[in-house]
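Here's the structure, in structure tokens; my notes come after.
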Amino acid sequence: MTLSKARGFAAGLLTVAAAVVLANPAQAQPGALAPVPSLDVQRYLGTWYQLAAVPQPFNLDCARDTRATYGLVDPSNVSVANSCTTWSGGTNGINGNARVTDPVTNAQLHVSFPDVPFQSSLDGPTNYVVTYIADDYSWALVGDPARASGFVLSRNPAVDDAGWTQIRQVVESRGYNSCLLLTSPTTGGREGIQPLCTV
């Protein structure tokens with residue numbers, strides 16, 4: 001699939017998601033996305049697979065296997081390495097930093113990427129909130145305070161039907177319209193791209 005076709009495909013999916021949203025109006029959104037009461041940063045480190053997300057412009061080149069790997073830099077900073085497989089079969093990636101902005105919970109951070117407009121400064125407002133983490137740290141839901149972004153992250157690229165049901169329930173309980181999150185293909189996991197509300 002060429003890049004232009006891939007982008008057209010992604011735009012088509014957004015149109016489908018919008019149609020589903022219009023057919024299933026969202027409930028009124030609550031206030032800012034709330035963090036979990038306490039995040040164990042050491043347990044949060046390592047690699048996470050993206051299972052679903054609110055589509056973002058920087059992800060349009062990603063066809064599958066979108067991953068985030070976090071490493072400890074110091075008590076206030078975490079290294080960020082994002083990567084994915086592109087539509088042409090290559091690899092796309094970017095490295096950045098996540099700085100804790102809420103030392104009470106450790107669950108609110110400012111993520112920055114060098115040379116990315118409006119996101120290059122190490123310091124800034126919270127743009128990454130861990131709003132749900134499974135007791136065993138097997139999966140998480142993160143987003144920005146206004147819910148313009150949202151990512152379902154998992155330690156495992158494959159989730160069973162019961163897992164998807166729980167994911168959808170948590171996403172909706174945190175004030176998201178589940179129709180706005182699209183599933184992300186993963187090797188060994190779900191292959192298709194579809195609105196989470198239809199899974």
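The values are calculated or read from the model by the stated rules, or taken from the named source; none is laboratory data. If you're wondering where the values come from, they're calculated on a predicted model, not measured in any experiment. When we count neighbours, we look across all protein chains shown, and the Cβ atoms used for this are built from the backbone with ideal geometry, even at glycine. Ligands, DNA and RNA are stripped out before the accessible areas are found, and what is left, the full protein with its side chains, is counted by its heavy atoms. Shrake-Rupley method; radii C 1.70, N 1.55, O 1.52, S 1.80 Å.
Taking the protein heavy atoms of region 133-194 in the context of the full set of protein chains, the accessible area attributed to carbon and sulfur is 50 percent at 1.4 Å. Dividing the Cα radius of gyration of region 69-199 by its Kirkwood radius returns 0.96 for Rg/Rh.
Using R0 = 35 Å, the C-beta based FRET efficiency linking Q56 and S173 works out to 0.95.
Assuming a ≥ b ≥ c are the square roots of the Cα gyration tensor eigenvalues, decide whether region 114-154 counts as rounded (a/c under 1.5), prolate (otherwise, with a/b larger than b/c) or oblate. Write down the numbers at each step before the final one.
Details: a/c = 2.61, a/b = 2.19, b/c = 1.19.
Verdict is prolate for region 114-154.
Apolar share of the accessible surface for region 40-113: 53 percent from carbon plus sulfur atoms, 1.4 Å probe.
For region 128-199, the gyration tensor built on C-alpha atoms gives an oblate shape. Its axis ratio a/c (a ≥ b ≥ c) is at least 1.5, and a/b is not larger than b/c. Within the shell of other residues whose beta carbon sits under 15 angstrom from the beta carbon of G189, the net charge comes to 0, with Lys and Arg scored +1 and Asp and Glu -1.
Taking a probe of 1.4 Å, how large is the accessible area per residue of region 28-139, in Å²? It amounts to 50 Å² per residue over region 28-139. The listed residues T131, T165, once ranked by accessible area (1.4 Å probe) with the largest placed first, stand as T165, T131. Based on Cα contacts under 8 Å between residues 6+ apart, region 40-199 shows a relative contact order of 22 percent. Within the shell of other residues whose beta carbon sits under 13 angstrom from the beta carbon of Y176, the net charge comes to +1, with Lys and Arg scored +1 and Asp and Glu -1.
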